[in-house]
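Undergrad: Before I ask anything, let me first share the structure, which is written out below as structure tokens.
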Ligand code: GLN
């Protein structure tokens, strides 16, 4: 057990990160201090691979995470966030292969595979009962999507013969079950399959996070349309094991440092064209 109170630890982490940033700023004489500071932060948490921030996600959720078409490497908003978080903590980033969204929280809870799940994951009470969630880093809402030309509405889609695709284990799936109780809800592994299925007519509609549907409709699925924007007021957080509270504190301190030094604005501008 750490002898520092959480508040003291946060203060210590923040100042340690400050020192690391100072060192990155180019003053060579700070090198020793930065090493000590990074060590001080590292000493307060465990990592599955030494010196690395090992990350998991479901890599079918652009622009937050997807796989580069040529290299297969993870790319996206959350990937850039993970790189910057790692940098601020003096760590390397280590991405594991994509896994099912509904397996991310259980994997983090079980421990030993990854340090964090960063996956456009909404902070919910159910998830907080299983894992720690970091401070929020993105606001999000839901959306109801159909094919261009479809005349369906929220009302007409609420019928047994209407098939609504969702990603299994998501807040979109929960919203659909609650608000389209008469429709046939089809849980899928990922939202790209759902989008393709709506295009080909396998499903009448889908429910997913609004930033993802907006981005996809603008960039690739131009034959889909958003028929409802649903103000669920969700916030994304990073999932960390409850056995590793020092890492949650360090991630929160790094998120704050990234807010203060403009790193988050830069990542938001890369993926959304403007700071959010
Ligand atoms: N934000 C939604 C959730 O947390 C969807 C996340 C996702 O599909 N990657 O359930």
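Where a number appears in this text, it was derived from the coordinates with a stated rule and is not lab data. Quick caveat, the model's predicted, so the values are computed rather than measured. For neighbour counting, all protein chains shown are included, and Cβ atoms are generated from backbone atoms with ideal geometry for every residue, glycine included.
Undergrad: Only one of these conditions is not met by residue 195: (1) within 14 Å of the ligand (Cβ to nearest atom); (2) closer than 30 Å to residue 273 by Cα; (3) assigned to a strand (DSSP E or B). Which number is it?
TA: The number of the failed condition is (3).
Here's the yes/no breakdown for (1) within 30 Å of residue 150 (Cα to Cα); (2) under 19 Å from the mean Cα position of the chain (by Cα):
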| site | (1), (2) |
| --- | --- |
| 219 | yes, no |
| 243 | no, no |
| 267 | no, yes |
| 276 | no, yes |
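Undergrad: Which residue is nearest to residue 257 (Cα to Cα), if the candidates are limited to the range 70-123 and must be free of Cβ contacts under 8 Å to residues at least 40 places away in the same chain and within 16 Å of the ligand (Cβ to nearest atom)?
TA: Filtering the range 70-123 for residues that are free of Cβ contacts under 8 Å to residues at least 40 places away in the same chain and within 16 Å of the ligand (Cβ to nearest atom), the one nearest to residue 257 (Cα to Cα) comes out as 82.
Undergrad: Pick out the one residue from 174, 139 that is within 12 Å of the ligand (Cβ to nearest atom), out of contact with any helix residue (DSSP H, G or I) (no Cβ under 7 Å at 6 or more places or on another chain) and either assigned to a strand (DSSP E or B) or on the phi > 0 side of the Ramachandran plot (or both).
TA: Selected residue: 139, the only one of 174, 139 that is within 12 Å of the ligand (Cβ to nearest atom), out of contact with any helix residue (DSSP H, G or I) (no Cβ under 7 Å at 6 or more places or on another chain) and either assigned to a strand (DSSP E or B) or on the phi > 0 side of the Ramachandran plot (or both).
Undergrad: Quick one: what pairs do we get from the range 152-169, first residue more than 15 Å from residue 227 (Cβ to Cβ) and touching a residue at least 60 places away in the same chain (Cβ under 8 Å), second within 16 Å of the ligand (Cβ to nearest atom) and part of a strand (DSSP E or B), C-beta under 6 Å, 6+ apart or different chains?
TA: Pairs that qualify, where the first residue is more than 15 Å from residue 227 (Cβ to Cβ) and touching a residue at least 60 places away in the same chain (Cβ under 8 Å) and the partner is within 16 Å of the ligand (Cβ to nearest atom) and part of a strand (DSSP E or B), are 168/187.
Undergrad: Could you please give the count of residues in the range 199-213 that are away from the ligand (no atom under 16 Å from the Cβ), assigned to a helix (DSSP H, G or I) and surrounded by 22 or more Cβ atoms within 10 Å (Cβ to Cβ)?
TA: Number of matching residues: 0.
Undergrad: Give the residue that is surrounded by the fewest Cβ atoms within 10 Å (Cβ to Cβ), with candidates limited to residues of the range 228-249 that are within 14 Å of the ligand (Cβ to nearest atom) and not in a strand (DSSP E or B).
TA: 237
Undergrad: Could you check the range 124-134 and list, in sequence order, the residues that are part of a helix (DSSP H, G or I) and either out of contact with any helix residue (DSSP H, G or I) (no Cβ under 6 Å at 6 or more places or on another chain) or near the ligand (Cβ under 10 Å from one of its atoms) (or both)?
TA: Start the filter on the range 124-134 by keeping residues that are part of a helix (DSSP H, G or I), which leaves 125-130.
Those that are part of a helix (DSSP H, G or I) and either out of contact with any helix residue (DSSP H, G or I) (no Cβ under 6 Å at 6 or more places or on another chain) or near the ligand (Cβ under 10 Å from one of its atoms) (or both): 125, 126, 127, 128, 129.
Undergrad: Output the number of the condition that residue 146 fails; it satisfies all remaining conditions of (1) out of contact with any helix residue (DSSP H, G or I) (no Cβ under 9 Å at 6 or more places or on another chain); (2) closer than 23 Å to residue 221 by Cβ.
TA: (1)
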